[in-house]
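Working notes, structure below.
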Amino acid sequence: MDICIIGAGYVGLTTAAVLADIGHTVYCTDVDEDKISKLQQGIIPIYEPGLTEMITENQDRGKLFFDTDSERYMAACPFIMIAVGTPSAKNGSADMVYVKGVIAVLSQTIRSPKVIIMKSTVPPGTADWMEAELQGQGVDKRLFEIVSNPEFLREGTAIEDTVHPDRIVIGAKQSEAAMKVRELYHTLQTQFLITDRLEAELIKYASNAFLATKISFINEIARICDAYSADIMEVSKGIGMDQRIGAKFLHAGLGYGGSCFPKDVNALNYVARAKGIKLNLVQAVKKVNRSQVDIYLNKITHSLGKRSNKPKIAVWGATFKENTDDIRYSQAIALMKKLVRKGYPVYAYDPLVSPKLSSVVWCSNPYEAVEQADILVLATAWPAFLKADWYKVKALMKHPVIVDGRNCLDKSTVEKYGFEYIGVGRP
Ligand code: UDX
Ligand code: UDX
């Protein structure tokens, strides 16, 4: 099949690579000329394990193309997949400005039958609204079907998640359109849920809100563990062994960030409020997540309280999670900003990024950051940090104290090296 993808972001690029790998001919377009020019030369603008290889292989075998001319490929391809961003607007709703832009182009382009697949995360009712918009702009209803096909990939494991998804959700009005989309994924061994469009749209929001809930829940339980000197790692393991609960997304730490959970929790709240429904649970999830940074801030200031008046803080990690270069809504950065506001000098290191942050000094390696530091905060669980040379780290630091923002270090190991270990819910 010939597929045109609009938007070469994390979702658009990964989906383009996997669909090309399946055997389709994919034309991935983006308004960003610089991004497209780099992609045409095989330079991938984001860091995602395995993505560069999959993209270049499929470019070489003539299955994957990048272009800025979205109109041309929208007109030529029977499948059009929308993967533009839907960021949070000021009022918490999903900002649909980019989707609206795509609809405007589509209305000028559709001359032959199209299946329009919505990959971006959009509020319930978007597919119906798009259909009405296109018809309102004079497009013959018989020429297009809008199908909701939300994406569940995680950054850092995007390829694996797309090739081996837990499920593929396809929301369509006509079963024929749903089957056409299902056929695109014919080589993937997974379960398919064919449903209506509204339900598919809500499944995406509800899934992300539920996962965020699990994280905030375990973070609250970690607070109880702190108070009773219990180990959250054991508690989490025990909870997760119940198959009704499941072990995943029960890892306590600095809380969730990224381009999806914070925005989708807000957007779900917004769509509920628009119908007069107050989502108490979802609002609490957000509140707990926000205060999680303060929990760590208190632990850090409490630990530093005993020492010099201008202690040096080292922070390892800036991205919202490991194995990505994405810093959107990163809790690591939220923490750094709060530390700076408190007047602490912050020396930071991240394997991929060094964003401009007032009063944060970026170091060229993790060891440089800890020189003469009074405390080390591990804010992102990059694999390299877990394998650090703790002997060297201890020798470089002024005081050997580690705050584990991701509860990802083996406590007894770092303690053996002589560090004081501070996590959440780790006695
Ligand atoms: C995606 C989804 O689309 C979003 O709804 C979901 O919730 C999270 O994942 P993501 O891939 O992370 O977003 O977005 P981003 O990395 O911002 O990429 C979007 C791309 O679309 C950008 O490269 C942008 O230049 C491009 N774009 C935007 C277009 O090509 N055309 C437009 O009209 C607008
Ligand atoms: C998420 C969803 O998982 C994915 O299905 C959706 O398509 C996009 O949003 P992503 O944000 O890329 O994916 O990464 P994810 O692995 O879900 O992590 C989100 C945040 O939660 C990160 O900051 C991570 O560190 C944090 N997290 C995750 C925890 O704090 N504890 C956990 O147990 C799991």
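The values are calculated or read from the model by the stated rules, or taken from the named source; none is laboratory data. What you are looking at is a predicted structure, and each value in this text was computed from that prediction instead of being measured. Here Cβ is always computed from backbone atoms with ideal geometry, including for glycine, and neighbour counts include all displayed protein chains. The area values use the complete protein model at the heavy-atom level, side chains included, leaving out ligands, DNA and RNA. Shrake-Rupley method; radii C 1.70, N 1.55, O 1.52, S 1.80 Å.
Assorted remarks:
- Flag if residue 245 is β-branched (Val, Ile, Thr), out of contact with any Pro (no Cβ under 7 Å at 6 or more places or on another chain) and surrounded by fewer than 16 Cβ atoms within 10 Å (Cβ to Cβ): yes
- Reported count of residues in segment 405-427, each being open to solvent by 30 Å² or more (accessible area, probe 1.4 Å) and aromatic (Phe, Trp, Tyr), is 1.
- Filtered residues of segment 80-96 (kept if open to solvent by 10 Å² or more (accessible area, probe 1.4 Å) and not in a loop (DSSP other than H, G, I, E, B)): 88, 94
- Considering the conditions (1) in contact with a Ser or Thr (Cβ under 7 Å, 6 or more places away or on another chain); (2) of a type outside the set (A, V, I, L, M, F, W, C); (3) open to solvent by less than 20 Å² (accessible area, probe 1.4 Å), residue 296 is excluded by exactly one of them, (1).
Conditions tested, residue by residue: (1) out of contact with any Asp or Glu (no Cβ under 9 Å at 6 or more places or on another chain); (2) in contact (Cβ under 8 Å) with a residue 40 or more places away in the chain; (3) among the hydrophobic types (A, V, I, L, M, F, W, C); (4) assigned to a helix (DSSP H, G or I).
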| site | (1), (2), (3), (4) |
| --- | --- |
| 243 | yes, no, no, no |
| 249 | yes, no, yes, no |
| 262 | yes, yes, no, yes |
| 267 | yes, yes, yes, yes |
| 275 | yes, no, no, no |
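- Residue in segment 297-314 that is outside any loop (DSSP other than H, G, I, E, B) and within 16 Å of ligand 2 (Cβ to nearest atom) present: no
- Residue under evaluation residue 199, criteria (1) more than 16 Å from ligand 2 (Cβ to nearest atom); (2) in a helix (DSSP H, G or I); (3) over 23 Å from the mean Cα position of the chain (by Cα), criterion not met: (3)
- Residue 160 vs. criteria farther than 28 Å from residue 328 by Cα and open to solvent by 40 Å² or more (accessible area, probe 1.4 Å): no
- Here residue 4 passes the criteria (1) more than 18 Å from residue 120 (Cβ to Cβ); (2) within 13 Å of ligand 1 (Cβ to nearest atom); (3) assigned to a strand (DSSP E or B) except the one numbered (1).
- Of the residues making up segment 39-55, those that are out of contact with any strand residue (DSSP E or B) (no Cβ under 9 Å at 6 or more places or on another chain) and either open to solvent by 40 Å² or more (accessible area, probe 1.4 Å) or part of a loop (DSSP other than H, G, I, E, B) (or both) are 41, 42, 43, 44, 45, 46, 47, 48, 49, 50, 52, 53.
- For segment 264-275, the criterion of being within 16 Å of ligand 1 (Cβ to nearest atom) and either within 15 Å of residue 321 (Cα to Cα) or among the charged types (D, E, K, R) (or both) is met by at least one residue.
- Residue check, residue 189 without any contact (Cβ under 8 Å) to a residue 12 or more places away in the chain, away from ligand 1 (no atom under 14 Å from the Cβ) and surrounded by fewer than 22 Cβ atoms within 10 Å (Cβ to Cβ): no
- The lone criterion from (1) within 22 Å of residue 2 (Cα to Cα); (2) exposed (fewer than 14 other Cβ atoms within 10 Å of the Cβ); (3) within 10 Å of ligand 1 (Cβ to nearest atom) left unmet by residue 143 is number (3).
- Residues of segment 163-174 that turn out to be surrounded by fewer than 23 Cβ atoms within 10 Å (Cβ to Cβ), modelled with pLDDT of 95 or more and either out of contact with any Pro (no Cβ under 7 Å at 6 or more places or on another chain) or assigned to a helix (DSSP H, G or I) (or both), as a count: 7
- Scanning segment 328-386 for residues that are open to solvent by 60 Å² or more (accessible area, probe 1.4 Å) and within 16 Å of ligand 1 (Cβ to nearest atom), we see that the one that is nearest to residue 289 (Cα to Cα) is 329.
Conditions (1) part of a helix (DSSP H, G or I); (2) closer than 17 Å to residue 336 by Cα; (3) touching a residue at least 12 places away in the same chain (Cβ under 8 Å); (4) acidic (Asp, Glu), marked per residue:
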| site | (1), (2), (3), (4) |
| --- | --- |
| 358 | no, yes, yes, no |
| 367 | yes, no, yes, no |
| 380 | no, yes, yes, no |
| 402 | no, yes, yes, no |
| 408 | no, no, yes, no |
| 412 | yes, no, no, no |
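- As a summary of the residue check, residue 5 satisfies the conditions (1) of a type outside the set (D, E, K, R); (2) open to solvent by 30 Å² or more (accessible area, probe 1.4 Å); (3) more than 16 Å from ligand 2 (Cβ to nearest atom) except for the one numbered (2).
- Counted residues, segment 267-277 - those being open to solvent by 30 Å² or more (accessible area, probe 1.4 Å) and either of a type in the set (Val, Ile, Thr) or touching a strand residue (DSSP E or B) at 6+ places or on another chain (Cβ under 9 Å) (or both): 3
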